[in-house]
Each structure stands twice: as C-alpha cells, then as structure tokens.
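Q: Before I ask anything, let me first share the structure, which is written out below as structure tokens.
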Amino acid sequence: SPLTSKTQSPPTLSIDIDNPASVKRQLAQIFYVSLKATVPDEEDVVPLVDVCTAKTGGVKFGDYQCNNAMGIWSKLKGKESGFRGPPSIGQAIINNLPPSEMIDSCSLAGPGFVNVVLSKNWIAQGVQRMLSDGIDTWAPRLPIKRAMVDFSSPNIAKEMHVGHLRSTIIGDTLARMLEFSRVELVTRRNHVGDWGTQFGMLIEYLFEKFPNQEDVSETAIGDLQALYKASKLRFDDDPEFKLRAQQAVILLQSGNPRYRKAWQQICAISRAEFDKVYQRLGVQLEEMGESFYNPYIPGVIEQLDKLGLVEESDGARVIYVEGVNIPLIAVKRDGGYNYFSTDLASLWYRLNKEKLEWIVYVTDIGQQQHFDMLFKAFRRAGWLPHNENVYPKCTHIGFGLVLGDDGKRFRSRSSEVVRLVDLLDEAKRRCKTALLERDTTSDWSEEEIEKISEAIGYGAVKYADLKINRLTNYTFNFDQMLSDKGNTAVYLLYAHARICSIIRKSGKDIEEVKKNGYIVLDHEDERLLGFHLLQFPEVFEEACSNLLPSVLCDYLYTLAEIFTKKFYSNCQVVGSPEETSRLLLCEATAIVMRKCFYLLGIEPVYKL
Ligand code: ARG
C-alpha cells in the first residue's frame with residue numbers, strides 16, 4: 001500500500017508557540033531587526049533562519065543561515081532599491097544586524113546566504129544556564145490548556161494486537177510531549193470498544209454454556225478470545241442462535257440487569273489483560289469506552305440533522321463531506337448505531353463537555369479516512385474551525401503495520417496472534433540473559449537485574465517503534481532492537497550509563513561542581529557537543545508541533561554519537577586540566593538524554 005509521507009502532511013509549524021530557549025527563534029528576532037532596517041518599505045518580512053546541516057552545504061561556514069536575500073531581491077526587482085543583487089542585500093543584512101552576544105561572526109555565501117557562527121561563550125552560557133535553572137526552562141509553551149490523546153483503545157473480548165501496542169507506545173509519548181509543552185491538562189483516553197453487536201453473541205453463548213448465572217465467574221470465562229471464536233462459530237452456523245444474539249444486544253442496550261452483569265464481567269476480564277500490558281509499559285490511561293457515548297448519539301445526530309447535514313440513503317441516515325464520494329453512515333438501515341455514530345458523539349462530547357482544544361487520535365493508517373470524514377463533518381457543521389491549524393483542532397496520527405521478518409503481518413510461529421504480554425516478557429527475558437553474561441553484573445542484586453532488564457527490554461521495544469517515521473510499516477525484530485550497536489535503546493542507555501560512570505569516577509559532587517564551575521568550549525568537539533545540546537528546544541518544538549517522536553529519537557541518537565565518538569574520544573575528562581568544565585558537559589548531556597528518555601517513555605539506567 002502507498003504508505004509514503006505524502007499520505008499525511010504534517011501540520012505547519014505553529015507560530016503561536018512560545019519557545020524562548022530556541023536558538024533559531026532568538027536568531028530570527030535579531031535578523032528581524034536587521035531586515036526591518038534593510039528593507040524598511042517591505043511589509044511582512046519573515047526572517048528565514050535555519051540551522052546549517054551538511055545537506056545545505058553550510059556546515060563548514062556556519063551554524064545557522066539566514067536565507068532572506070534571494071526572496072527580497074525577487075520582490076525588489078524592477079524597483080529602485082540601490083541593491084545590485086542578492087549578495088548586496090545579504091551584505092546589508094549583515095551590516096544592519098544589531099550587536100548581539102549570540103553571534104561571533106557572519107559571512108556571505110553563494111547567492112546571498114548569510115552564514116552565522118555562534119559565539120562559543122554564548123553557547124557555553126546557554127548550557128550553563130540550563131544546568132542551574134533546570135531543563136524545564138527549555139520547554140516551549142503551546143497556546144492551549146487542555147489536550148487529549150485518544151490512544152491504545154483496544155476492543156473488549158477481541159485480542160489486543162500489535163497495532164494497539166504501537167498506538168499505546170506512540171500515544172503515550174505524544175501525551176508526554178504535550179505535557180512538557182506546558183499544556184495544563186493532558187488526558188490519556190482509552191476509547192475501548194466495549195459496545196457493539198459482538199456482545200449479544202458473547203453473552204448469549206455464555207448463558208448457553210453456563211445456564212446458571214452464578215457459575216459465570218471470571219475464571220470460567222477466562223479465555224475471552226476462545227469464547228469469542230466459539231460464539232462467532234455458533235453465530236455464523238445457527239440462524240436461531242443468531243436471532244437470540246441480536247435480541248441480546250437489544251436487551252443489553254435497554255439495560256436488562258442480567259445482560260448488563262454479563263457484559264460487565266466480560267469487560268472486567270479484558271481490562272485485566274490490557275492492564276498487564278499497560279503496567280509493563282508504564283502507561284496509565286483513563287478509560288471511557290464507546291458505551292459511555294451511547295446516550296449522546298441521538299441528540300448529536302438530531303443537531304446535525306437540524307443543521308441540514310443528515311440525508312436519507314437506502315434507509316440509512318448519512319452525512320456527505322467534501323472530497324469523499326462515499327457518505328459517513330450515522331445511523332444504519334436497521335436504526336442501529338456504529339463506530340461512526342459513537343465517534344460523532346464522542347467528539348461532540350470532547351469539544352463541548354470536556355472543552356478540549358487539541359484532540360489527537362492515534363490509530364493505524366487504515367482508519368485515516370474515518371477520521372478525515374469525521375473531522376470534515378464537524379467542520380461542515382461549524383463545530384470545528386475551517387482552518388485546520390486553528391484551535392480547537394483535531395489531528396489523526398496514523399501509523400503503518402507491524403511486520404514480521406517475512407515481511408508479512410506480524411504473527412507468532414503458530415500463526416496465532418501474538419499475545420502482547422508474552423512479547424514484552426520475551427524482550428525482558430532476552431535482556432536479562434544478555435545482562436547475566438556480562439562480568440560487570442556479577443555483584444548485582446536479583447532486584448537490580450530485574451529492574452534493569454525491564455528498563456532495557458521494554459525501552460527497546462518502545463524505541464524501535466518510535467524511531468522510525470510512524471507512517472512506514474515497521475518490522476519487529478528482537479535481534480535488531482536489542483543490539484548494543486546502532487540506533488537502539490540499548491546503545492543509548494549504555495551511552496547514558498557511561499556518562500554517569502564518568503561522573504562517578506571523578507569522585508566529585510556534581511552539585512558542587514555546578515555551583516562553582518564554568519563551561520568552556522575551546523576544543524572543537526566540546527563546542528560541537530554544546531551546540532547540539534542547545535538544539536534541544538527547537539528540535540523538541542519541531543517534534544511536538546508535528547507530533548513526530550522520530551524527530552526526538554534522531555536528536556537523541558546524534559547526541560549520544562557526538563558524546564561518544566567525538567567528545568569522549570578526543571577530550572579527556574577525569575584528571576584533565578579542563579575536568580570541571582567537561583564534567584559539566586557530561587552532566588548536561590546526561591540531563592538532556594534523560595529528558596529525551598522520559599519523553600519517549602524509557603526508564604534510564606545509571607550503570608551497566
Ligand atoms: N477500538 C479502535 C480499534 O481497535 C480504536 C479506537 C480509536 N479511537 C476512536 N475514538 N475511534 O481500532
């Protein structure tokens with residue numbers, strides 16, 4: 001299937017974000033002053049400032065570049081401006097820059113690019129300030145107070161599959177990112193599928209198996225998936241059973257106590273199984289299943305009807321939306337409700353009762369059209385702003401399939417669906433085996449071994465998922481994700497543990513060093529590390545406004561690489577004349593790494 005990045009373009013970078021620690025934004029402010037002076041008659045000049053990457057070829061000439069000259073030249077062409085071309089505009093931009101401690105030097109390159117070399121003292125001070133004031137001062141501020149991430153959301157009595165695992169991992173990270181962006185209330189909502197026709201069939205089968213309801217204990221119906229399969233067989237084979245199952249749905253929905261009790265028992269068993277997964281992943285959701293919204297459906301559909309959105313089609317009640325030729329089915333032909341009906345009501349509830357400003361839905365990409373139609377229907381009704389970037393807004397975050405090594409949908413060897421708990425336990429078990437083989441672990445307590453293998457095992461599963469662009473399909477492979485080389489959580493956790501051990505080896509109290517020491521970035525690799533640390537605020541902003549955890553993973557991996565392969569290889573820390581400054585750089589790196597781990601839902605490890 002065409003799962004390219006074209007299937008979902010990220011929302012544009014919100015200009016509302018307040019992110020004072022962003023180097024890019026600080027430079028943009030300085031360049032704004034200069035642009036105003038350079039072309040005073042031009043309105044709406046937006047400073048185009050970007051970090052220099054190897055790709056733009058600027059890496060040798062500067063840290064950032066300002067790319068306004070060409071655009072200004074093409075606007076000015078024909079007018080009497082006194083400029084001879086983009087380079088002369090570039091030169092004027094340089095000349096008009098207000099004095100700033102940020103900038104060491106500027107140079108002109110190519111057709112008018114202005115390259116900026118930052119002052120290394122300024123970089124050092126920035127890192128130093130983070131150490132004294134805390135990394136939360138590096139958080140941007142989103143202009144909203146209440147957000148929700150609707151994720152995980154497995155279906156009761158059906159299996160919780162790897163797709164739900166991806167949703168759980170990605171959704172929790174997005175929630176953490178919104179929290180770090182100072183959104184006051186971030187709700188993690190579990191929209192479990194606890195309503196629908198499958199319950200009629202399940203309950204009826206249960207009653208058949210246990211004619212005496214006292215016998216319906218949780219242990220008796222322990223294996224819900226088997227129960228589901230068996231009842232589905234009955235449903236498909238026996239028309240008489242099918243009829244009873246359909247009546248059971250009506251009895252359940254009308255509140256019959258016996259049917260409601262059976263339904264609750266079934267939900268409780270599923271929930272206990274889901275919780276085992278959440279507990280391992282350290283994820284806490286607030287459950288509000290589909291059933292909750294059932295009473296709201298008629299009212300919401302009536303309102304939509306009054307607005308003239310609801311049409312009759314083949315006996316069903318439908319809503320047409322822009323650019324999609326099939327309608328959204330709000331009420332089925334038989335008068336029943338479906339997945340869509342529930343989502344109409346739940347979105348209405350979230351906007352009107354919960355007053356949410358940003359609602360993020362995390363599901364596999366296969367549901368993209370569902371959400372596209374849902375949001376469009378709300379826009380048609382005037383219940384969401386027409387501009388997708390204006391709050392309140394809704395965003396669907398889709399992700400690709402999880403594949404096995406054979407390139408097919410991920411299955412266990414017996415071609416049964418994989419039990420998520422088993423999958424996570426396997427990751428932990430493998431880590432434990434690898435840990436026990438190391439001679440450094442001989443004096444570790446059993447408890448330590450357990451904790452650390454959980455941190456690495458579950459962390460590896462999460463990271464393998466988060467590091468790839470979420471739209472692409474993802475191949476689940478234990479050997480790859482648990483390798484200690486390359487872009488894996490294991491490598492990153494090792495790098496962090498190494499930094500901690502360097503600090504320990506120095507024998508210094510790092511809090512004391514922080515109080516009295518200064519960072520100096522004289523060696524080029526010290527400067528490189530300091531510079532990359534200062535990139536955190538703007539990289540995080542990009543990851544958060546586009547809801548892309550992979551951006552954060554790339555940053556983290558590069559940070560670990562710069563630390564290990566450049567800084568630590570070329571700059572002796574303990575026992576060197578620069579020890580104090582270098583210890584502070586180690587500490588700053590560890591702090592930024594831990595913040596990244598936290599945002600990715602990974603438990604850090606301090607020794608390995
Ligand atoms: N239960 C659905 C599934 O398993 C996901 C629900 C997503 N959330 C929503 N509001 N529709 O695919």
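The values are calculated or read from the model by the stated rules, or taken from the named source; none is laboratory data. These numbers come from a predicted model, not from an experiment. In this analysis, Cβ positions are derived from the backbone assuming ideal geometry, glycine residues included, and neighbour counts consider all displayed protein chains.
Q: Which of the numbered conditions does Gly57 fail, given that it passes all the others? Conditions: (1) within 14 Å of Phe113 (Cβ to Cβ); (2) of a type outside the set (Lys, Arg); (3) modelled with pLDDT of 90 or more.
A: Evaluating Gly57 over (1) within 14 Å of Phe113 (Cβ to Cβ); (2) of a type outside the set (Lys, Arg); (3) modelled with pLDDT of 90 or more leaves (3) as the failure.
Q: Further, regarding this structure: Looking at Ile326, is it of a type in the set (A, V, I, L, M, F, W, C), surrounded by fewer than 13 Cβ atoms within 10 Å (Cβ to Cβ) and either away from the ligand (no atom under 16 Å from the Cβ) or at pLDDT below 95 (or both)?
A: On the way: of a type in the set (A, V, I, L, M, F, W, C): yes; surrounded by fewer than 13 Cβ atoms within 10 Å (Cβ to Cβ): yes; either away from the ligand (no atom under 16 Å from the Cβ) or at pLDDT below 95 (or both): yes.
Yes, satisfied.
Q: All but one of (1) hydrophobic (A, V, I, L, M, F, W, C); (2) touching a residue at least 60 places away in the same chain (Cβ under 8 Å); (3) within 11 Å of the ligand (Cβ to nearest atom) hold for Phe371; state the number of the condition that does not hold.
A: Only one criterion in (1) hydrophobic (A, V, I, L, M, F, W, C); (2) touching a residue at least 60 places away in the same chain (Cβ under 8 Å); (3) within 11 Å of the ligand (Cβ to nearest atom) is unmet by Phe371, namely (2).
The rows are residues; the columns are (1) touching a strand residue (DSSP E or B) at 6+ places or on another chain (Cβ under 6 Å); (2) of a type in the set (Phe, Trp, Tyr); (3) closer than 26 Å to Thr395 by Cα; (4) not in a helix (DSSP H, G or I).
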position	(1), (2), (3), (4)
Ile499	no, no, no, no
Arg504	no, no, no, no
Lys515	no, no, no, no
Glu538	no, no, yes, no
Tyr557	no, yes, no, no
Glu561	no, no, no, no
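Q: Return the residue satisfying two criteria in turn: it lies in the range 418-435 and is under 15 Å from Phe274 (Cα atoms) and either of a type in the set (A, V, I, L, M, F, W, C) or at pLDDT below 90 (or both), and of such residues it is surrounded by the most Cβ atoms within 10 Å (Cβ to Cβ).
A: Going through the qualifying residues, I end up with Leu420.
Q: Here is a follow-up. Within the range 336-353, can one find any residue that is farther than 30 Å from Cys544 by Cβ and away from the ligand (no atom under 16 Å from the Cβ)?
A: yes
Q: Just the residues that are without any contact (Cβ under 8 Å) to a residue 40 or more places away in the chain, under 13 Å from Arg380 (Cα atoms) and not in a loop (DSSP other than H, G, I, E, B), please, taken from the range 304-335.
A: Asp305, Lys306, Val310
Q: Could you identify the single residue in Gly400, Gly382, Gly407 that is within 16 Å of the ligand (Cβ to nearest atom) and either surrounded by fewer than 17 Cβ atoms within 10 Å (Cβ to Cβ) or within 20 Å of Asn546 (Cα to Cα) (or both)?
A: Values: Gly382 fails: within 16 Å of the ligand (Cβ to nearest atom); Gly407 fails: within 16 Å of the ligand (Cβ to nearest atom).
None of the other options fit; the residue is Gly400.
Q: Just wondering, is there one or more residues in the range 228-237 that are touching a residue at least 12 places away in the same chain (Cβ under 8 Å), of a type in the set (A, V, I, L, M) and crowded, with 18+ Cβ neighbours inside 10 Å? Can you show your working first?
A: Here is the first cut: in the range 228-237, the residues touching a residue at least 12 places away in the same chain (Cβ under 8 Å) are 228, 230-232, 234-235.
Subsequent filtering for residues that are of a type in the set (A, V, I, L, M) retains 230.
Now drop any that are not crowded, with 18+ Cβ neighbours inside 10 Å, which leaves none.
There is no residue in the range 228-237 that is touching a residue at least 12 places away in the same chain (Cβ under 8 Å), of a type in the set (A, V, I, L, M) and crowded, with 18+ Cβ neighbours inside 10 Å.
Q: Being closer than 19 Å to Leu281 by Cβ, crowded, with 18+ Cβ neighbours inside 10 Å and within 16 Å of the ligand (Cβ to nearest atom): is that true of Thr363 here?
A: Judged against the criteria, Thr363 is a match.
Q: Mind checking whether some residue in the range 399-414 is over 19 Å from the mean Cα position of the chain (by Cα) and either part of a helix (DSSP H, G or I) or within 30 Å of Glu542 (Cα to Cα) (or both)? Write out each step before concluding.
A: Of the residues in the range 399-414, the ones over 19 Å from the mean Cα position of the chain (by Cα) are 403-414.
After this cut, where a residue has to be either part of a helix (DSSP H, G or I) or within 30 Å of Glu542 (Cα to Cα) (or both) as well, the list is 403.
Yes, the range 399-414 contains a residue that is over 19 Å from the mean Cα position of the chain (by Cα) and either part of a helix (DSSP H, G or I) or within 30 Å of Glu542 (Cα to Cα) (or both).
Q: Output the residue which, of all residues in the range 137-161 that are buried (at least 23 other Cβ atoms within 10 Å of the Cβ) and among the β-branched types (Val, Ile, Thr), is farthest from Val127 (Cα to Cα).
A: The qualifying residue farthest from Val127 (Cα to Cα) is Ile156.
Q: Could you list all residues from the range 479-503 that are of a type in the set (A, V, I, L, M, F, W, C) and within 22 Å of the chain's Cα centre (by Cα)? Give the derivation first.
A: Filtering the range 479-503 down to residues of a type in the set (A, V, I, L, M, F, W, C) leaves 481-482, 489-490, 492-493, 495, 497, 499-500, 502-503.
Answer for the range 479-503, where residues must be of a type in the set (A, V, I, L, M, F, W, C) and within 22 Å of the chain's Cα centre (by Cα): Met481, Leu482, Ala489, Val490, Leu492, Leu493.
Q: Take the range 282-303 and flag every residue that is within 16 Å of the ligand (Cβ to nearest atom) and part of a helix (DSSP H, G or I).
A: Glu290, Ser291, Phe292, Tyr293, Asn294, Tyr296, Ile297, Val300
Q: Further, regarding this structure: What strands (runs of 3 or more DSSP E) completely inside the range 112-205 contain at least 3 residues that are within 30 Å of Pro47 (Cα to Cα) and away from the ligand (no atom under 16 Å from the Cβ)? So that I can check it myself, show each step before the final result.
A: On the way: elements: 113-118, 146-150, 185-190.
In the range 112-205, 113-118 are the strands (runs of 3 or more DSSP E) which contain 3 or more residues that are within 30 Å of Pro47 (Cα to Cα) and away from the ligand (no atom under 16 Å from the Cβ).
Q: Look through Glu208, Glu179 and report the one residue that is more than 30 Å from Asp422 (Cβ to Cβ), modelled with pLDDT under 95 and surrounded by fewer than 24 Cβ atoms within 10 Å (Cβ to Cβ).
A: Glu208
Q: Can you name the number of the only condition in (1) more than 30 Å from Leu401 (Cα to Cα); (2) surrounded by fewer than 17 Cβ atoms within 10 Å (Cβ to Cβ) that Leu118 fails?
A: (2)
Q: Restricting to the range 527-561, give me the number of residues that are farther than 19 Å from Leu466 by Cα, among the hydrophobic types (A, V, I, L, M, F, W, C) and surrounded by 19 or more Cβ atoms within 10 Å (Cβ to Cβ).
A: Result for the range 527-561: 4.
Q: Do we have any residue at all in the range 387-394 that's crowded, with 18+ Cβ neighbours inside 10 Å, at pLDDT 85 or above and either within 30 Å of Lys158 (Cβ to Cβ) or in contact with a His (Cβ under 6 Å, 6 or more places away or on another chain) (or both)?
A: Within the range 387-394, one or more residues are crowded, with 18+ Cβ neighbours inside 10 Å, at pLDDT 85 or above and either within 30 Å of Lys158 (Cβ to Cβ) or in contact with a His (Cβ under 6 Å, 6 or more places away or on another chain) (or both).
Q: What residue, among those in the range 448-481 that are among the charged types (D, E, K, R) and assigned to a helix (DSSP H, G or I), is nearest to Leu548 (Cα to Cα)?
A: Going through the range 448-481, the residues among the charged types (D, E, K, R) turn out to be 448, 450-451, 454, 462, 465, 467, 470, 479.
Checking the rest, the ones that are also assigned to a helix (DSSP H, G or I) come to 448, 450-451, 454, 462, 465, 479.
Numbers: Glu448: 33, Glu450: 31, Lys451: 29, Glu454: 25, Lys462: 14, Asp465: 12, Asp479: 25 Å.
My answer is Asp465.
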